1. With (1) within 21 Å of the chain's Cα centre (by Cα); (2) crowded, with 21+ Cβ neighbours inside 10 Å as the list, and Thr292 as the residue in question, which single condition is left unmet?
2. Kindly indicate whether Gly215 is more than 23 Å from Ile161 (Cα to Cα), open to solvent by less than 50 Å² (accessible area, probe 1.4 Å), out of contact with any Leu (no Cβ under 8 Å at 6 or more places or on another chain) and of a type in the set (Gly, Ala, Ser).
3. For region 109-196, which strands (runs of 3 or more DSSP E) that fit wholly inside it have 3 or more residues that are among the β-branched types (Val, Ile, Thr)?
4. Output yes when any residue across region 100-108 is in contact with a Gly (Cβ under 7 Å, 6 or more places away or on another chain) and farther than 27 Å from Asn239 by Cβ, and no when none is.
5. Tell me whether region 90-102 contains one or more residues that are at pLDDT 85 or above, touching a strand residue (DSSP E or B) at 6+ places or on another chain (Cβ under 8 Å) and small (Gly, Ala, Ser).
6. Please determine whether any residue of region 474-486 is among the aliphatic types (A, V, I, L, M) and assigned to a strand (DSSP E or B).
7. Just need a number here: residues in region 105-144 that are over 18 Å from the mean Cα position of the chain (by Cα) and of a type in the set (Phe, Trp, Tyr).
8. Are any of the residues in region 131-148 among the hydroxyl-bearing types (Ser, Thr, Tyr) and open to solvent by 70 Å² or more (accessible area, probe 1.4 Å)?
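The values are calculated or read from the model by the stated rules, or taken from the named source; none is laboratory data. Keep in mind the model is a prediction, meaning the values are calculated, not measured. So basically every Cβ, Gly included, is an ideal-geometry build from the backbone, and we count neighbours across all protein chains shown. Side chains included, ligands, DNA and RNA excluded: accessible areas come from the protein's heavy atoms. Shrake-Rupley method; radii C 1.70, N 1.55, O 1.52, S 1.80 Å.
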Amino acid sequence: MATNPEIERRRTFAIVAHPDAGKTSLTEKFLLFGGQIQVAGAVKSNKIKKTATSDWMDIEKQRGISVTTSVMEFDYKDYKVNILDTPGHQDFAEDTYRTLTAVDSVIIVVDGAKGVETQTRKLMEVCRMRNTPVIIFVNKMDREAKDPFDLMDELEEELVIQVRPLTWPIESGPRFKGVYNLYEHNLNLFQPSKQVVTEKVEVNIHTEELDNRIGHDLADKLRGELELIEGVYPEFNVNEYLKGEVAPVFFGSALNNFGVEELLNTFVEIAPSPRPVKAEERTVMPDEPKFTGFVFKITANIDPNHRSCIAFCKVCSGKFSRNVPYYHVRHDKTMRFSSPTQFMAQRKTTVDEAWAGDIIGLPDNGTFKIGDTLTEGEKLHFRGLPSFSPEMFKYIENADPMKQKQLAKGIDQLMDEGVAQLFVNQFNGRKIIGTVGQLQFEVIQYRLEHEYNAKCRWEPVSLYKACWIESDDPAELEAFKKRKYQYMAKDREGRDVFLADSGYVLQMAQMDFKHIKFHFTSEF
């Protein structure tokens, strides 16, 4: 692996979860330990006018949810931590899937009372596909939660991965006393406080000191449970975790800042430094001397006063330096970047250099698309940034004829972000927006109005699925297009897309036209 100390100390990871499990609160507490913020903002509190640092868009502040992945970096001990807080809401799943291509490990947050939810399962599938190492944090132990042993079984069954607890809770809800740290063999006693970090006690669990601390009954119960854990679960093996075979589990309460420090300490110690990245041509190692990187996300209007886009670029190898010419593979030309930035959500600072594992923001005036590669001259193409077939469709119409230009620009930039997908119907020339969830339509409408000063209105269109089509038989492709003329569209790359209006129609088309391939992601 990497031998460069700068690359060795990098930890780049994403925090993923079902909505409301507490991802953003956990991110806030990490930043508190990293000294980046002085007061953690509660995501839901209306009394405190401070919102979470990672939720910076207006619409996020209004609704108390994250709608876009935000990138933050901080130093902790000897490590440089890059953290990506992802949206949990399934309507923004695509943003999250793409983010997972840019990280080396993942922390999954699970609500102690609700256990594993649908979105968590889906995200885990993406991690499994890429063998990404996973740590699980069971949150909200200060509320009534499921029995920890039941939770462990549920995690194994639902997420299809072996688990190993590294901390263990003593009761939950109002009776919650704290957690015992199996990794460091000490006891952490719980005091509900959002700002203060809880005291730790070195305790030999076989002595009376434990009884004095938490009471005789609980002490006996804890001893029994710890014996059972040692009997049931094999000893924690870091290599199995790094291969993505075992997930260590921590318990705590992110809101009350409890169990978070243990998670962070263990995480920086065991999580992988930047890993090799597969390109189509070859595998790129992080400690190669030459810089390579790819764009995995584009965000418009981080600063509403300047209509600028920022392309998020993950550095895969070597060192990125400011003002040095780099080669843009798709455009086949070199470019210089005079003001690359690093982030603390919306606050950004200009950086002079970045190493493998870091995520930098490059100012973008339409030069980048998701998946673009930058190198020092080598032609590389990084794969693995799919667009999925949308499941909801609406016609987008201009609601203000005077603002045609603003609307076109707004749609263009938002589609570059990968918020949704745009198809142009070949039959009537109308624009159709496809998304994976209803909430995205609201976000698009809101952002067009507030960021681009353009109004749009939606009109219903009844479609079942969009599929990209290709064929080695040009005659059959032509016949298909003629027969399905009303349902043919082009995507932004000019590729043919068939908009099937029902599952039955799609099935029949697949049976009738044997030589046509139907793809449900744009990567083929």
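1. Condition (1) is where Thr292 drops out.
2. So Gly215 passes the test.
3. 134-139
4. Taking every residue of region 100-108 in turn, none turns out to be in contact with a Gly (Cβ under 7 Å, 6 or more places away or on another chain) and farther than 27 Å from Asn239 by Cβ.
5. Scanning region 90-102, I find no residue that is at pLDDT 85 or above, touching a strand residue (DSSP E or B) at 6+ places or on another chain (Cβ under 8 Å) and small (Gly, Ala, Ser), so the answer is no.
6. no
7. Adding up the residues that qualify gives 0.
8. Taking every residue of region 131-148 in turn, none turns out to be among the hydroxyl-bearing types (Ser, Thr, Tyr) and open to solvent by 70 Å² or more (accessible area, probe 1.4 Å).
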